[in-house]
């Protein structure tokens, strides 16, 4: 029972990879997308409920998040007509995240993926905004604002030594 959150997280990775095999306009893609999003919420909640939160589980969750975002981006970005300013903004966020990881490597000799409230809110907003981009880029701009704050906040969290070692 204590491994259930990690099993759910591993299933999210499998589901994310499964998205690569689906047609983005089909029901199966969006069904898997929804299940992956729900599992992202469920695994952390369950880990806390079962009192089995671990560093391994947190790292696995972060890797599953990266896999999910990468697979969705791989499928969706080619069909979305995003404005250049949004691409540039996303690039700035990526640079901030890379600097955060470099800081963690220098300070702690390991990568750190803080699960801050800001990053959780950003993940949730991104999850619900992606389907809306069919109609407008405004939801992604809102997510970009939250993601920028979350990335800066993560960096502050890392650099002020608030990471549990």
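General observations
- Projected label points at residue 110 and residue 128, each 7 Å from Cα along the beta carbon direction, are separated by 3.4 nanometres.
- Taking the chain as a Gaussian network of alpha-carbon nodes connected by springs under 10 Å, the highest mean-square fluctuation of the residues 94, 27, 143 belongs to 27.
- Separation between Cα centres of the range 79-147 and the range 12-66, rounded to whole Å: 17
- Förster radius 41 Å - calculated FRET efficiency between residue 24 and residue 117, Cβ distance, rounded to 0.05: 0.85
- Exposure proxy ranking for 154, 109, based on other Cβ atoms within 10 angstrom of each Cβ and starting from the fewest, stands as 109, 154.
- FRET E, pair residue 35, residue 82, Förster distance 22 Å, beta-carbon r, rounded to 0.05: 0.30
- Footprinting exposure proxy for 96, 13 (fewest neighbouring C-beta atoms within 10 Å first): 96, 13
- Taking 0.36 nm per residue of sequence separation and removing the Cα-Cα distance, the residue 74/residue 138 pair yields an extension gain of 21.0 nm.
- Spread of Cα-to-Cα distances over 5 Å intervals beginning at zero, given as percent, for the range 19-116: 2, 10, 15, 19, 17, 18, 12, 5, 1, 0
- The C-alpha atoms of the range 45-86 occupy a region whose extents along the principal axes are 44, 15, 14 Å, arranged from largest to smallest.
- Two-site FRET efficiency, residue 103 against residue 11, from Cβ-Cβ distance with R₀ of 41 Å, rounded to 0.05: 0.80
- Packing rank of 58-66, 134-142, where each peptide gets the mean count of other beta carbons within 10 Å, highest leading: 58-66, 134-142
- For percent of Cα pairs over 30 Å apart, calculated from these coordinates, the label among [x] 21; [y] 44; [z] 17: [z]
- Cβ-to-Cβ counts within 10 Å put 21, 10 in ascending order as 21, 10, the fewest first.
- Estimated purely from DSSP H runs of n ≥ 4, each contributing -39500 (n - 2.57), the mean residue ellipticity at 222 nm for the chain is -25500 deg cm²/dmol once divided by its residues.
No value in this document is a laboratory result; all are computed from the given coordinates. All values derive from a computational prediction rather than experimental measurement. Quick reminder, even Gly has a Cβ in these numbers, built from the backbone with ideal geometry, and neighbours come from all protein chains shown.
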